[in-house]
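Reading through the structure tokens given below for one structure.
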Amino acid sequence: IANLSPMAMHAISSDPTVASLADDYVRSRACAAVPALVMMVGVGAGRGYKDMWTPLAGSLAYGVSLAVFDALFVWELHMGLRGAGYAAAISQWVGAATVMWSLSKNGNLRLADFASAKAVPTAESVSTYVRMAGPLALSSTAALAPVLFSSSIATRLGPDQLAAHTVLRQISLFWIQLFMGFNATAHSLVASSLGKRTAQGVLEASRIMERIAYVAVATSIPLAAGLYASRALLPLAFTDSPVVVDDVAGVLPLLLVLIPLDALSLGLEGSILGASDTGWIARRAVGSSALSVFALELLALGGTGCSLWSIWAALKLLNVSILGCDVARLAYPVRRRK
């Protein structure tokens, strides 16, 4: 990651200063690749055991550590983006260690097994996981493409617009991470119900999916209303630049209107993951990503017609398209039975 960072950052941003600063951050955070993978696997294991405390403990440990080390490296030692990268990397190790400790404490993981010769799996024993992991990796990579492309376009608009774009990404990540709770719950409960391999289990899984979808949308509406009411104050948590604040406030209503769709989409995705339909997850992610990238490419070619609002409208095509595909996927068996 560290070796490829300079080339990747310059491909994303044509501004050498921005690319250099981004490279500093990526290089300092590269050592967190391993604990990030460990933490993701541990969180997935917790879902399988219906253990939602493990992901919570890992996230809290990561968040608290990040606040402490950010204050130390960025504010006290004045290390800038490089310090922020180090803070994130150390916090990732803390989060991963917490997840492993929690799984071990609950009896779902025995650390002594790692010292056994049997700890190294055979190719045959992991083939099922590889077949599932491949589509999921493709899905994540495809969904990342529009995000990176949008950031590249935003850098061409100027430093203020890029700053506003970054603030909008951080604000939107807040509710996305919040709604990931619906995704995790649907994934765990639907998988458990379908694992019974009975008609009653299938019916139970369907009811779980419906209830989570209703709760997700119902929860998102008051959240969107509250964020809309405080839209003038939200950017001030990140910057006091009047230009950046105005740019953020101009795009934020678009994102807030789509919050219920984000909540519903994550809930449905968790249900589909619970059914182990990873092939579909990958196909619709690739198609939706291509649509969003195409819209962003039109904006990039348009030059003067490009704005921060239009960039985010094109970027949100990814989410809306994924939701439409998942709704069609889940509704198709009903139409076929009719």
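The values are calculated or read from the model by the stated rules, or taken from the named source; none is laboratory data. As the structure is a prediction and not an experimental result, all values here were calculated from the model. Please note: Cβ atoms are built from the backbone with ideal geometry, for glycine as well, and neighbour counts cover all protein chains shown. Note: areas computed on protein heavy atoms with side chains; ligands, DNA, RNA excluded. Shrake-Rupley method; radii C 1.70, N 1.55, O 1.52, S 1.80 Å.
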Next item on the list: Within the range 205-220, track down each residue that is in contact with a helix residue (DSSP H, G or I) (Cβ under 8 Å, 6 or more places away or on another chain) and not aliphatic (A, V, I, L, M).
Entry: T219, S220
Next item on the list: Look at R29 and say whether it is in a helix (DSSP H, G or I), under 23 Å from the mean Cα position of the chain (by Cα), over 30 Å from T166 (Cα atoms) and of a type in the set (K, R).
Entry: no
Next item on the list: Scan the range 266-309 residue by residue and report those that are assigned to a helix (DSSP H, G or I) and at positive phi.
Entry: G303
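Restricted to the range 1-26, and to residues that are in a helix (DSSP H, G or I) and among the polar types (S, T, N, Q), which residue is modelled with the lowest pLDDT?
Filtering the range 1-26 down to residues in a helix (DSSP H, G or I) leaves 5-12, 16-26.
From what is left, the residues that are among the polar types (S, T, N, Q) are 5, 17, 20.
Working: S5: 62, T17: 72, S20: 77.
The selected residue is S5.
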Notebook entry, point to check: If you go through the range 134-174 one residue at a time, how many are more than 13 Å from L308 (Cβ to Cβ), of a type outside the set (G, A, S) and either in contact (Cβ under 8 Å) with a residue 12 or more places away in the chain or open to solvent by less than 60 Å² (accessible area, probe 1.4 Å) (or both)?
Noted result: 9
Notebook entry, point to check: Within the group A229, A216, A199, A225, which residue is in contact with a Gly (Cβ under 8 Å, 6 or more places away or on another chain) and farther than 16 Å from A164 by Cβ?
Noted result: A216
Margin query: Checking L66 against (1) in a helix (DSSP H, G or I); (2) closer than 30 Å to R284 by Cα; (3) open to solvent by 40 Å² or more (accessible area, probe 1.4 Å): exactly one of these is not met. Which one?
Written below: (2)
Next item on the list: Please work out if W101 is in a helix (DSSP H, G or I) and out of contact with any Ser or Thr (no Cβ under 8 Å at 6 or more places or on another chain).
Entry: yes
Notebook entry, point to check: Taking the condition of a type in the set (V, I, T), in a helix (DSSP H, G or I) and open to solvent by less than 60 Å² (accessible area, probe 1.4 Å), does V130 pass?
Noted result: no
Next item on the list: Report yes if some residue within the range 46-61 is open to solvent by 40 Å² or more (accessible area, probe 1.4 Å), at pLDDT below 90, of a type in the set (V, I, T) and assigned to a helix (DSSP H, G or I); otherwise report no.
Entry: no
Margin query: So, L330, is that one within 16 Å of H187 (Cα to Cα), open to solvent by 40 Å² or more (accessible area, probe 1.4 Å) and either assigned to a helix (DSSP H, G or I) or of a type outside the set (G, A, S) (or both) or not?
Written below: yes
Checklist line | First in the range 235-258 and assigned to a loop (DSSP other than H, G, I, E, B), second anywhere and not aromatic (F, W, Y), Cβ under 6 Å, 6 or more apart | finding: F238/V167; L258/K316
Next item on the list: Within the range 82-97, identify whether any single residue is closer than 24 Å to S276 by Cα, touching a residue at least 24 places away in the same chain (Cβ under 8 Å), out of contact with any Asp or Glu (no Cβ under 8 Å at 6 or more places or on another chain) and part of a helix (DSSP H, G or I), and answer yes or no.
Entry: no
Note to self: Just the residues that are touching a Leu at 6+ places or on another chain (Cβ under 7 Å) and small (G, A, S), please, taken from the range 152-184.
What the structure shows: A154, A164, S172
Notebook entry, point to check: Any idea which of A224, A232 is part of a helix (DSSP H, G or I), open to solvent by less than 90 Å² (accessible area, probe 1.4 Å) and on the phi < 0 side of the Ramachandran plot?
Noted result: A224
